[in-house]
1. Before we move on, is residue 147 aliphatic (A, V, I, L, M), part of a loop (DSSP other than H, G, I, E, B) and farther than 24 Å from residue 232 by Cα?
2. Could you tell me whether the range 210-233 includes any residue that is more than 24 Å from residue 128 (Cα to Cα), among the acidic types (Asp, Glu), modelled with pLDDT under 95 and outside the structural domain of residue 60 (by TED's automatic domain parsing)?
3. Can you pull out the residues in the range 41-58 that are assigned to a helix (DSSP H, G or I) and free of Cβ contacts under 8 Å to residues at least 12 places away in the same chain?
4. Would a scan of the range 67-90 turn up a residue that is closer than 16 Å to residue 187 by Cβ, in a strand (DSSP E or B) and either at pLDDT below 95 or not acidic (Asp, Glu) (or both)?
5. Please work out if residue 42 is of a type in the set (Phe, Trp, Tyr), in the same structural domain as residue 175 (by TED's automatic domain parsing) and under 22 Å from residue 220 (Cβ atoms).
6. Being in the same structural domain as residue 31 (by TED's automatic domain parsing), part of a helix (DSSP H, G or I), within 18 Å of residue 24 (Cα to Cα) and in contact with an Asp or Glu (Cβ under 7 Å, 6 or more places away or on another chain), is that true of even one residue in the range 103-113?
7. Test residue 130 against the stated conditions and say whether it is over 22 Å from residue 30 (Cα atoms) and among the hydroxyl-bearing types (Ser, Thr, Tyr).
Amino acid sequence: MDVTGNYKRKILSLHIDLISYADSLEKIIIMGLEKKKGYVCFANVHMVIEAKQREGFAQKVNGSSLVLSDGMPLVRTLKLLYNQSQDRIAGMDVFPDLLKLANEKGLSVFFFGTTNEILNRIDRKASLEYPHLKIAGMFSPPFDRPLNDQNYINMINASRADLVFVALGCPKQEIWMADNSSRINAVLLGVGGVFPVFAEVQTRAPEILRNMSLEWLYRLYQEPGRLYKRYFTTNTMFLYFVFLEKLRLSLRRRI
């Protein structure tokens, strides 16, 4: 159990919170209502392998307020290694649900990342679907400026946002949140590729593929040039390391 009262299980180097989908939403909303600083990571296979290989990255993810099981492979791995049942808590699902709750409870939101075109689409769609939602601001940071620019921090704090959705991609967004959360008066949520899907620039995998742990395959079909190397490398490495961990745990139980 960690200091927040959540039980965790370790998948390679990441400590995944054992929490229901509904409870994760409730915790995030309470943090927003109480203006608590913090950040939330949505873990998937890519993040697990980044944490395994990139020095210091696991500590940044594990230092977050919540590490949630975004991908079905992680849900299945928890079952395989620990016989632990766990909800899938995908950023794709959490994002619209949090917008709905923010709309109902008067929380303000800020969108940070992606492109101006996608941000404008999100603004229009969110305003239609959640008419009372307080959009405190949105910003697409230029690629030629460092992300640790103090002006970004000042802008977000000046907006008085309660929830800040960060879409910079893994591992950039997790590093940025870990490095800056103590200076931002809001909950930061690293939602990765959620923005283009919500904006209807991209489509999400059909539910049958999501349930089969094959959402990555659908994304590969959409962006083969960008994702081919990442998915086939990280997925293979993940299976290999999980096999070794399963073997290690099995041997330890026999001793």
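1. Working: aliphatic (A, V, I, L, M): yes; part of a loop (DSSP other than H, G, I, E, B): yes; farther than 24 Å from residue 232 by Cα: yes.
Yes, satisfied.
2. Quick first cut of the range 210-233, residues more than 24 Å from residue 128 (Cα to Cα) only: 210-233.
Subsequent filtering for residues that are among the acidic types (Asp, Glu) retains 215, 223.
The next check asks that each one be modelled with pLDDT under 95; those that pass are 215, 223.
Cutting the leftovers down to outside the structural domain of residue 60 (by TED's automatic domain parsing) gives us 215, 223.
Yes, the range 210-233 contains a residue that is more than 24 Å from residue 128 (Cα to Cα), among the acidic types (Asp, Glu), modelled with pLDDT under 95 and outside the structural domain of residue 60 (by TED's automatic domain parsing).
3. Once the filter is applied, which keeps residues that are assigned to a helix (DSSP H, G or I) and free of Cβ contacts under 8 Å to residues at least 12 places away in the same chain, the range 41-58 yields only 53.
4. Start the filter on the range 67-90 by keeping residues that are closer than 16 Å to residue 187 by Cβ, which leaves 67-68, 89.
With the extra rule that they be in a strand (DSSP E or B), the set shrinks to 67-68.
Subsequent filtering for residues that are either at pLDDT below 95 or not acidic (Asp, Glu) (or both) retains 67-68.
Yes: one or more hits.
5. Against the criterion (of a type in the set (Phe, Trp, Tyr), in the same structural domain as residue 175 (by TED's automatic domain parsing) and under 22 Å from residue 220 (Cβ atoms)), residue 42 qualifies.
6. Narrowing the range 103-113 to residues in the same structural domain as residue 31 (by TED's automatic domain parsing): 103-113.
Filter once more, keeping what is part of a helix (DSSP H, G or I): 103-105.
Restricting the remaining residues to those that are within 18 Å of residue 24 (Cα to Cα) gives 103-105.
Then keep just the ones that are in contact with an Asp or Glu (Cβ under 7 Å, 6 or more places away or on another chain); that gives none.
No, the range 103-113 contains no residue that is in the same structural domain as residue 31 (by TED's automatic domain parsing), part of a helix (DSSP H, G or I), within 18 Å of residue 24 (Cα to Cα) and in contact with an Asp or Glu (Cβ under 7 Å, 6 or more places away or on another chain).
7. It is false that residue 130 is over 22 Å from residue 30 (Cα atoms) and among the hydroxyl-bearing types (Ser, Thr, Tyr).
The values are calculated or read from the model by the stated rules, or taken from the named source; none is laboratory data. Remember, predicted model here, so these are calculated numbers, not experimental data. FYI the Cβ positions are ideal-geometry reconstructions off the backbone, even for glycines, and counts take in every protein chain you see.
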